[in-house]
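The values are calculated or read from the model by the stated rules, or taken from the named source; none is laboratory data. Bear in mind that the values here come from a model prediction, so they are computed numbers and not experimental data. Backbone-built Cβ (ideal geometry, glycine too); neighbour counts: all protein chains shown. Accessible surface is based on the protein model in full, side chains and every heavy atom, while ligands, DNA and RNA are left aside. Shrake-Rupley method; radii C 1.70, N 1.55, O 1.52, S 1.80 Å.
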Amino acid sequence: MKTWNTKSCTIYQLLEGRSNSFLINSQNNYILIDTGRANSWEKLSSKLDEILGKNKLSCLILTHTHFDHVENAAKIKEKYNSRIIVHQSELEYIMRGNSPLPQGSNLATGFMVNVLGKKLQSKYQYEKVNPDIIVGEKYDLIDFGFNAYIIHTPGHSKGSMGIIIDNKIAIVGDAMFGIFGNSIYPPFADDPDTMVKSWNKLTNTSCNLFLPGHGKEISRKLLESQYEKYK
């Protein structure tokens, strides 16, 4: 299991491959970031049980409400009695268990969404759940025992969020992808121009490492070069 350390936190990567999921620990306080697909439930819950022991999972933060990030959210809340945090602009989606699919950001993905979008939409519904904490532009996680905060990073979706940990590492959902070598540009984004502005917001933190929802970690150098290319 891959881990990263900051001054006050340890970050565990619980799921990797198609969708990433991360667990943050600070002095036996725990927060889960995203849940992956439904078929990863046994792996996710097994790793959580192993790390948590008798400790409580304080909350689940959803970087956004697309199916591949939230399909286990209802099960997490039921099993671990965890509070769920989501951005206010995507509240209605998770409460009905159906989020709009993102728009394609290139010719191939644009064609896919335009031609197959309606058929795919019904396929990717998920178990609905009621969130407990609804956030806006920024939300401090100090009350959960973390030197960390959430910021709004729209573009991939209107309610996308990033989690800034010790001002050193950011967990960024699908604001950027880590699967294309020297490119972080996601294949899907509702508003690419706004997404690039969110990249700038992330560079304005002191973070030097960015953990995406798909793929490998992204360096600050790569993020800055991509921002300069697309701004």
Span-like helix ranges in the chain, DSSP H, alpha carbon extent 27 angstrom or more, Kyte mean at least -1.0: none
Choice from Gly145, Gly178, Gly36 showing the highest fluctuation, given a GNM over the chain with Cα pairs closer than 10 Å: Gly145
Descending Cα extents along the principal axes, the stretch 104-211, whole Å: 45, 37, 21
Share of pairwise Cα separations in the stretch 1-53, more than 15 Å, in percent: 41 percent
Sequence-separation-based contact order of the stretch 53-96, relative, with Cα cut under 8 Å and 6+ spacing, percent: 46 percent
Percent of alpha-carbon pairs separated by more than 32 Å within the chain: 12 percent
Solvent exposure ordering (accessible area, 1.4 Å, most first) of Lys201, Lys229: Lys229, Lys201
Chain lengthening between Asn204 and Glu217 when straightened (0.36 nm per residue, less Cα-Cα): 2.9 nm
FRET efficiency estimate (nearest 0.05) - Cβ-Cβ, Ile179 to Glu228, R0 22 angstrom: 0.55
Net charge contributed by nearby residues that have their C-beta within less than 10 Å of Asn28 (K/R +1, D/E -1): +2
Euclidean distance of C-alpha centroids, the stretch 57-75 and the stretch 1-21, integer Å: 16 Å
Full-stretch length increase - Arg18, Ser46 - with 0.36 nm per residue and alpha-carbon distance subtracted: 8.3 nm
Length-normalised contact order for the stretch 12-116 - Cα pairs under 8 Å, 6+ apart - percent: 21 percent
Förster-model FRET efficiency, 35 Å R0, Asn114 and Glu92, C-beta, rounded to 0.05: 0.90
Reachable lysines, given that their alpha-carbon falls under 22 Å from the alpha-carbon of Lys138 and they are not under 8 places away in the same chain: Lys7, Lys158, Lys168, Lys197, Lys201
Inverse mean reciprocal Cα-Cα distance (Kirkwood Rh) of the stretch 1-121, Å: 15.5 Å
The chain: relative contact order in percent, alpha carbon pairs under 8 Å with at least 6 residues between: 17 percent
Residue-count net charge about Asp190 - beta-carbon cut-off 15 Å; Lys, Arg +1, Asp, Glu -1: -2
Leading residue at positive end of dipole, the chain (Cβ point charges), from Ser46, Ile61, Phe188: Ser46
Sum of side-chain charges, Ser89 neighbourhood, beta-carbon under 13 Å (Lys, Arg +1; Asp, Glu -1): -4
